[in-house]
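Novice: Starting off with a structure, shown below.
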Amino acid sequence: MLLGHNRKMTGAQCLADMLKGYGVTHVFHVPAVLRTTFAEMERRTDIKRLHVHGEKAAAYMADGYARASGKPGICMAQVIGALNLAAGLRDGWLAHSPIIAMTGGREPKTKFRKVYQEIDDMPAFEPVTKFNATVDDVTRFPDMVRQAFRTAVTGCPGPVHLQFRGNEGQIDAEEAELEPLCEPQFARVPPFRPEPDAASLGAALKILQAAERPVLVAGGGVRASSAAAELVALAEALQIPVATSLNGKDAIAGNHPLSVGVVGTYSRESANRVVNAAGLVCFIGSETGGMTTHFWTVPKIGTPAIQIDIEPEALGRNYPLAAAINGDAKVTLARMLAQADRASAAKRKAWIGEVQTICRAWQEKYRPALSSDAVPIRPERLCHELTRLMPDDAIVVVDTGHAGMWMGGMFDLSSPRQSYMRSAGHLGWAFPAGLGAKCAFPERPIVTFTGDAGFWYHIAEVETAVRWKINAVTVVNNNGGGNQSKRGFDRVYGGQQTAQARELWTFNTVNFARIADDMGALGIRVEEASALPAAFAQAFAAQRPVVIDVVTDIEALAPTAVV
Ligand SMILES: Cc1ncc(C[n+]2csc(CCOP(=O)(O)OP(=O)(O)O)c2C)c(N)n1
Ligand SMILES: [Mg+2]
């Protein structure tokens, strides 16, 4: 149709060839969907087809794969599992992760006749996708698959959904004249790097350079654009401190002298203090959402602000702007650096001194907890050990709730080669996402940090990790309950919970190391902080999936945001 190279082939052959053409290495699925395609994938490609224990986990694995690599992650489900899969796209939607979900769908001949297991799943995908479409005729395989990749990776990336006709997508067995043409530039984020216009760049740079107390706030857009090196270079050239969102934590290593930590709700006190003391805030690739700004109190509305974003409609959403730049983060920061007046850095000497005092005060305040030998182990100490022991090229994957708070606030990346990915809010995301990340980067160490409640969600995937030799290391902060909920129940019980109240957020104590061992992984139980270095050494040498079960203090509560 496009270049006149059409051949008679099945939709399955076309889809298998196209997935290969886009560089897909893994698909995550619960059977049975697109069965003919799976058979063709085996014949025509080296794509690994991971059969997992639940559709939500399949989506989270695809999400972890996508966030780690920038390449679309592929997940699949038949009609009965479609909403489970849609639920799993919710985190990727919030985090702007390029995921392509494929499901089976209804036959026009029989819909509305009460076909077994069948409902209309399309509306459920609407709020969690950039593009939600049906493939009703086999001749549409090539253009719809291209559109799926194009939409997933362009602009602000995000999930897409293709529903293939037939409960199990049986349309893939049909034949037509097809051309499996791929567009390699849409195989990963970002396909394009839109340049900022010179006038808005000049205006923003002028304001930034004139500021005596500015701060940069780097968001997930910096990681999507691979702009960390440019961000740090600009910060150094102009001597401006850098805070990050949780999603942008790997934009700057925590041991960099200009790093002040994660700002917002799941944050570090020093970052909130610096941002609230700043006279100008420059947001880069940040939605300026509730989490990063602690519901728009950090910085306060009215603080002079600049914003850089690839999405023009993001500019000024929550803070009135002194200047706005529409463009890719990496090229925008590189252009700013090229034009930067380094001499202007001198006027920020006093501010940098003040910022360093704030950061030192944080270190002093938390030193006892970070170095505590208490038994059960303090989570702060666990985070501190992770900072010390994390390999230079590790990908750190973190769950939400207390896990997000502990690691966001207390853990530091110590090398620009390390990556950090976090749940955008869904408990249980991190463990399968870490497995997906390991599929994308088998040679890099993957360390996932989750609470016990988070780990329970998808514990069955330990078996998947063993079966597929996905040698990720998972650290379970095991306190025997979902104790981020403790404060909330303290509050509703007037400060003193009844014995029954704890039923609402605690679990039986369980040894996850033993369960992992039984499933064929390496389980390591740690009850004292001093045993952590040996545990990690053993884990990184194991060449097996590892679960490190760390017994921690159920009374330990993460510090809340400072305003
Ligand atoms: C899908 C989903 N359901 C519920 C929540 C609310 N929630 C946040 S943290 C949490 C408990 C976390 O427990 P655990 O993982 O053990 O970590 P801990 O707080 O004990 O360190 C819950 C239920 C959520 N974030 N996501
Ligand atoms: Mg817990």
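Novice: Just the accessible area per residue of the chain, please: how many Å² with a 1.4 Å probe?
Specialist: So the chain comes to 38 Å² accessible per residue, rounded to a whole number.
Novice: Dipole of the chain (Lys/Arg Cβ +1, Asp/Glu Cβ -1, origin at the Cα centre): which of 224, 329, 441 lies farthest to the positive side?
Specialist: 329
Novice: How large is the Kirkwood hydrodynamic radius of the range 498-563, in angstrom, based on all distinct alpha carbon pairs?
Specialist: 14.2
Novice: Additional query: Using a basic spin-label model with each label point 7 Å from the Cα along Cα→Cβ, how many nm lie between residue 119 and residue 7?
Specialist: Computed distance between label sites residue 119 and residue 7 equals 4.2 nm.
Novice: To continue, here is another question. Could you estimate the translational diffusion coefficient of the range 413-511 from the Stokes-Einstein equation, with Rh from the Kirkwood formula over C-alpha pairs, at 20 °C and 1.002 mPa s, in whole µm²/s?
Specialist: It comes out at roughly 140 µm²/s.
Novice: Of the heavy-atom accessible surface of the chain (probe 1.4 angstrom), what whole percent is carbon and sulfur?
Specialist: Reported share for carbon and sulfur atoms: 54 percent.
Novice: Taking square-rooted eigenvalues a ≥ b ≥ c of the alpha carbon gyration tensor, is the range 461-528 rounded, prolate or oblate, where a/c under 1.5 means rounded and, failing that, a/b exceeding b/c means prolate?
Specialist: Judged from the Cα gyration tensor, the range 461-528 comes out prolate (a/c at least 1.5, a/b above b/c).
Novice: Fully extended, how many nm does the chain gain between residue 350 and residue 415 (0.36 nm per residue separation, minus their Cα-Cα distance)?
Specialist: Extra length available between residue 350 and residue 415 comes to 20.7 nm.
Novice: Please give the solvent-accessible surface of residue 493 in Å², to the nearest 10, using a probe radius of 1.4 Å with every protein chain present.
Specialist: 90
Novice: Now a separate question. Mind ranking 238, 315 by accessible surface for me, highest first, 1.4 Å probe?
Specialist: These residues rank, largest area first, as 315, 238.
Novice: Towards the positive end of the charge dipole of the chain, with charges on Cβ (+1 Lys, Arg; -1 Asp, Glu), say which of 466, 173, 414 has the farthest Cα.
Specialist: Among 466, 173, 414, the one farthest towards the positive end of the dipole of the chain is 414.
Novice: To the nearest 500 deg cm²/dmol, what mean residue ellipticity at 222 nm is calculated for the chain from DSSP H runs of n ≥ 4 alone, each contributing -39,500 (n - 2.57), summed and divided by the residues?
Specialist: -11000 deg cm²/dmol
Novice: Using a 1.4 Å probe on the protein heavy atoms only, what accessible surface does residue 42 show? Give it in Å² to the nearest 10.
Specialist: Its accessible surface works out to 120 Å², give or take rounding.
Novice: Now for a separate question. For the range 311-390, how big is Rg over Rh, using alpha carbon atoms and the Kirkwood form of Rh?
Specialist: My calculation puts Rg/Rh at 1.17.
Novice: Assigning unit charges at the beta carbon (Lys, Arg +1; Asp, Glu -1) and nothing else, what dipole magnitude in debye, to the nearest 20, does the range 278-431 show about its Cα centre?
Specialist: Dipole about the Cα centre, nearest 20: 540 debye.
Novice: At a threshold of 8 angstrom on Cα-Cα distance, excluding pairs fewer than six apart, so keeping six or more, what relative contact order does the chain reach in percent?
Specialist: Once divided by the residue count of the chain, the mean separation gives 13 percent.
Novice: Continuing with the same structure: What distance in nm separates the two pseudo spin-label positions at residue 443 and residue 206, each 7 Å out from Cα along the beta-carbon direction?
Specialist: 4.8
Novice: Let me ask you something else. Probe 1.4 Å, all protein chains in place: accessible area of residue 181 in Å², nearest 10?
Specialist: Probe radius 1.4 Å; accessible area of residue 181 about 50 Å².
Novice: Would you please report the Å³ per residue occupied by the convex hull of the alpha carbon atoms in the range 397-450?
Specialist: 72
Novice: Placing unit charges on C-beta atoms (Lys and Arg positive, Asp and Glu negative, everything else neutral), compute the dipole magnitude of the chain about its Cα centre in debye, rounded to 20.
Specialist: Roughly 680 debye for the chain.
Novice: Per 20 Å bin, what percent of the C-alpha pairs of the chain does each bin hold, from zero upward?
Specialist: For the chain, the binned pair fractions read 22, 51, 26, 2 percent.
Novice: Let me ask something additional. At a Förster radius of 56 Å, what calculated FRET efficiency corresponds to the Cβ-Cβ distance of residue 530 and residue 42, to the nearest 0.05?
Specialist: 0.70
Novice: Using only the alpha carbons, work out the radius of gyration and Dmax of the range 214-264 in angstrom.
Specialist: In order Rg, Dmax, the Cα atoms of the range 214-264 give 9.4, 26 Å.
Novice: Please label the shape of the range 259-312 as rounded, prolate or oblate, based on the square roots a ≥ b ≥ c of the eigenvalues of the alpha-carbon gyration tensor (a/c under 1.5 means rounded; beyond that, a/b larger than b/c means prolate, else oblate).
Specialist: Prolate is the answer for the range 259-312, as a/c is 1.5 or above and a/b outweighs b/c.
Novice: Shape of the range 77-224 from its Cα gyration tensor (a ≥ b ≥ c, root eigenvalues): rounded if a/c is under 1.5, otherwise prolate when a/b > b/c, or oblate?
Specialist: It comes out prolate by the Cα gyration axes.
Novice: If you don't mind, there's one more thing I want to ask. Using alpha carbon centroids, what distance separates the range 185-200 and the range 494-543, in Å?
Specialist: Comparing the Cα centres of the range 185-200 and the range 494-543, I get a distance of 44 Å.
Novice: Please list 265, 288, 560 from largest to smallest accessible area, probe radius 1.4 Å, with all protein chains kept in place.
Specialist: These residues rank, largest area first, as 560, 265, 288.
Novice: Taking the dipole about the Cα centre of the chain, with the C-beta of Lys and Arg at +1 and of Asp and Glu at -1, give me whichever of 398, 319, 139 is farthest to the positive side.
Specialist: Selected residue: 319.
Novice: Can I ask one more? Would any residue of the range 227-258 have its amide N under 17 Å from a label point 7 Å out along Cα→Cβ of residue 342? List them or say none.
Specialist: Counting only backbone N, you get 230-240.
Novice: While we're here: Got a sec? What order do 40, 313, 287 fall in by accessible area at 1.4 Å, biggest, i.e. largest, first?
Specialist: Largest accessible area first, the residues go 313, 287, 40.
Novice: On full extension of the chain, what length is gained from residue 199 through residue 541, given 0.36 nm per residue of separation minus the C-alpha to C-alpha distance?
Specialist: 117.8 nm
Novice: Given R₀ = 41 Å, what would the calculated FRET efficiency be for residue 236 paired with residue 491, taking r from the Cβ atoms and rounding to 0.05?
Specialist: Between residue 236 and residue 491 the formula returns 0.40.
Novice: OK, next. Along the principal axes of its C-alpha atoms, what lengths does the range 6-138 span, in descending order and rounded to whole Å?
Specialist: Result, largest extent first: 41, 40, 27 Å.
Novice: What's the FRET efficiency of residue 296 with residue 511 using the Cβ-Cβ distance as r and R₀ = 56 Å, to the nearest 0.05?
Specialist: 0.80
Novice: Return a whole-number percent for the relative contact order of the range 183-263, with Cα pairs under 8 Å and 6 or more residues apart as the contact set.
Specialist: 27
The values are calculated or read from the model by the stated rules, or taken from the named source; none is laboratory data. Given the structure is predicted, the values throughout are model-derived calculations rather than measurements. Cβ sites come from the backbone with ideal geometry, for glycine too, and all protein chains shown count toward neighbours. In case anyone asks, the SASA skips ligands and DNA or RNA and just uses the protein heavy atoms, side chains included. Shrake-Rupley method; radii C 1.70, N 1.55, O 1.52, S 1.80 Å.
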